[in-house]
Amino acid sequence: MAQRTLARYLTDAQRESGRESGCDSALESPLIPSDLKFLIEVVSRACKAISIAIGKGALGGEGGVLGEAGSDNVQGEAQKKLDVLSNEILLEANEWGGHLAAMASEEMDLPHLVPNRFPKGEYLLTFDPLDGSSNIDVNVSIGTIFSVLRCPEGADLSSEAAAEQAFLQPGTAQVAAGYAVYGPTTLLVLTFGAGVAVFTLDRELGEFVLTQENVQIPAETKEFAINMSNQRFWEAPVKRYVDEMVAGKTGPLGKDYNMRWVASMVADVHRIMTRGGIFMYPLDEKVRDKGGKLRLMYEANPMALLVEQAGGAATTGRQRILDIAPQHLHQRVPVILGSKSEVERVTGYHQA
Ligand code: P6P
């Protein structure tokens, strides 16, 4: 069978949903409305451009694309040149198409409104343009994470500050979510709320090609991901759970576990999407005053939707991530996600 490119996959999904809903044409009630299909294609092209820029490393641009940008982001974190470049690529790719009303990024304090010279569309896009940037200079996998929301009717888009309110929707309101992982291959992993599909970048074709559909995370696992150097800061339920896994066969879980920690959420989550596991960046004494380490709107929510769509689970330890009512754009939350039975176990310890 001919390779199914992303464009073909999106078109098929649009037509299939039209037939399922019994409507005369997919245009009446597609699972993937044409503007959303266009949005995803634009984001996928931006991810291809980011992948190419990253691949140049020290050879790209004046003095290469590695190293510090000499500025800090809204989180107070030093920005890498590629953080800034990836953010610009996503902004420029998405602002002219007429499918978006506004965008929000980890790298920008306020939302970016679509300039008045372009038509505004019905969607909002949030993204972490380059997640895991501490790994850029040491050539370890990094990624782009994005989430798509509908812009509420009558949203106040009179200013960037006013626009923040339009984004403050729970993760269950997402109409699409995805990530690109820039590793040995560049992958695009997507969901529209009806399962998870994986596309591999064919660099000769210059297209993302479908390589996996209906991703399923194994409910059981023998692999956990957490930054062990924070152990002394953990809350008791996490301490108990990790101690039990480290005890392995000799402990109450009766099996040995393996540990991985890439320090790129995208890479750790993709491993879990591929072979199971549990990823934890829990609340701890070090990040308690900020509410957690990872950001809700463009890290936790998109990853939680993808993981749940692949049969996994995603909580803060105390509640389902997708149910959280956001209070502000750059809100941080604890994240425990992956194989369902493991997430339920450690979440249960928080209730004990
Ligand atoms: P630590 C990257 O900066 C990130 O936001 C996630 O991608 C990653 O999982 C986490 O932070 C790593 O945090 O404290 O281990 O450096």
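Read-outs: derived from the displayed coordinates by stated rules, not from any lab. Computed from a predicted structure; not experimentally measured. Using ideal geometry, Cβ is built from the backbone for each residue, glycine included, and neighbour counts are taken over all protein chains shown.
Remarks
- Normalised by 2.2 N^0.38 Å, with N the number of residues, the alpha-carbon radius of gyration of the stretch 57-171 equals 1.14.
- Cross-link reach list, lysines versus residue 286, counting only Cα pairs under 30 Å and skipping chain neighbours closer than eight places: 80, 81, 222, 239, 340
- Label-to-label distance for residue 172 and residue 185 is 3.6 nm, based on points extended 7 Å past Cα in the beta-carbon direction.
- Restricting the stretch 264-340 to trypsin sites (Lys or Arg not before Pro) that sit in a DSSP loop and have at most 10 other Cβ atoms within 10 Å of their own Cβ leaves nothing.
- Angle between the chain longest axis and helix 34-56 axis [Cα atoms, degrees, rounded to 10]: 70
- Label-point separation, residue 228 to residue 205 (7 Å along Cα→Cβ), nm: 4.2
- Proximal charge balance of residue 10 [Cβ under 15 Å; K/R count +1, D/E count -1]: -1
- Between 0 and 90 degrees, the angle of helix 6-20 with respect to the longest Cα principal axis of the chain falls at about 90 degrees.
- In the elastic network of the chain, a GNM with C-alpha springs shorter than 10 Å, the most mobile of 177, 104, 49 is 49.
- Cα-based Rg / Dmax (Å) for the chain: 20.0, 66
- Within the straight-line cut-off of under 29 Å between alpha carbons, the lysines reachable from residue 120 are 37, 48, sequence neighbours fewer than 8 places apart in one chain being disregarded.
- Over the chain: helical MRE at 222 nm, DSSP H runs n ≥ 4 each giving -39500 (n - 2.57), nearest 500: -9500 deg cm²/dmol
- Between the helical axis of 265-275 and the longest alpha-carbon principal axis of the chain there is an angle of about 80 degrees.
- Remark: spin-label model distance residue 263-residue 159 equals 3.9 nm, labels positioned 7 Å along the Cα→Cβ axis.
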